[in-house]
1. Go ahead and set up a Gaussian network model of the chain, Cα springs under 10 Å, then flag whichever of Pro114, Pro76, Pro158 fluctuates most.
2. Pick out which of Gly118, Gly128, Gly108 has the largest mean-square fluctuation in a Gaussian network model of the chain, springs linking Cα atoms closer than 10 Å.
3. Which of Trp50, Trp27, Trp69 moves the most in a Gaussian network model of the chain with Cα springs under 10 Å?
4. Computed on alpha carbon atoms, what radius of gyration and Dmax characterise the chain, expressed in Å?
5. Restricting to Cα pairs below 8 Å that are 6+ residues apart, what does the relative contact order work out to for the chain? Please round to a whole percent.
6. Taking only DSSP H segments of four or more residues, each worth -39500 (n - 2.57), what value at 222 nm results for the chain once the sum is divided by all its residues, to the nearest 500 deg cm²/dmol?
Amino acid sequence: MDELARRQLASIAEVITVTGACGIPVWLRGGWAMDFQLGTVTRPHVDVDWYCWRDDADRLADLLLARGWLPDPRMPARLQLDLFAADVEVSFAYLGRDAAGRPTVGAGSWAGTPLPAGMLAAPPGRIGPLTVPTISVAAQIEFKQMYPVWMPERQRRPKDADDLARLRDLAPAPRRAP
């Protein structure tokens, strides 16, 4: 594991400490979510991606900024919360809720769009002694498959194909009819 990965893991631990102390739920998403479900670091990561409820974002930002984190001016905070912890990039995509309380996309042009059922009900992932809430493996697979459809300018990269193969190995086998 390289030094950037160690600093990213330290930022994950710090987020979990801060949010746990304040009762702010967060979930890892993206490559780190996959790694925590696998129990090991599989590849280098550019950043650390999270979900948080939109209603918690301002309080979360205040808590992390008070600890020395810095805002990333490249992304408007109305779309998602992007921060730096030293050289570690961290983003919190916002979650909203529909009338029944189910999670939806919380901001941007897709705001209000339902997210996969059960996405936030996954067992936590673990790397070493660190246990972290993650989005479900099924949601991770759906997102990896759909990104090129939802965002045609973002073509599937070789790492995405590798991630999909790893995630599919984790996914429970579909039930067969009797």
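Each reported figure results from applying straightforward, stated rules to the coordinates on display, with no laboratory input. Every value quoted in this text rests on a predicted model; they were computed, and no experiment measured them.
1. For the chain, modelled as a Gaussian network with Cα springs under 10 Å, the answer is Pro158.
2. Comparing Gly118, Gly128, Gly108 in the GNM, the peak value goes to Gly128.
3. Result for the chain, Cα springs under 10 Å: Trp69 fluctuates most.
4. Every Cα atom of the chain included, Rg and Dmax give 16.1, 57 Å.
5. The normalised contact order for the chain reaches 20 percent.
6. It comes out at -12000 deg cm²/dmol, rounded to the nearest 500.
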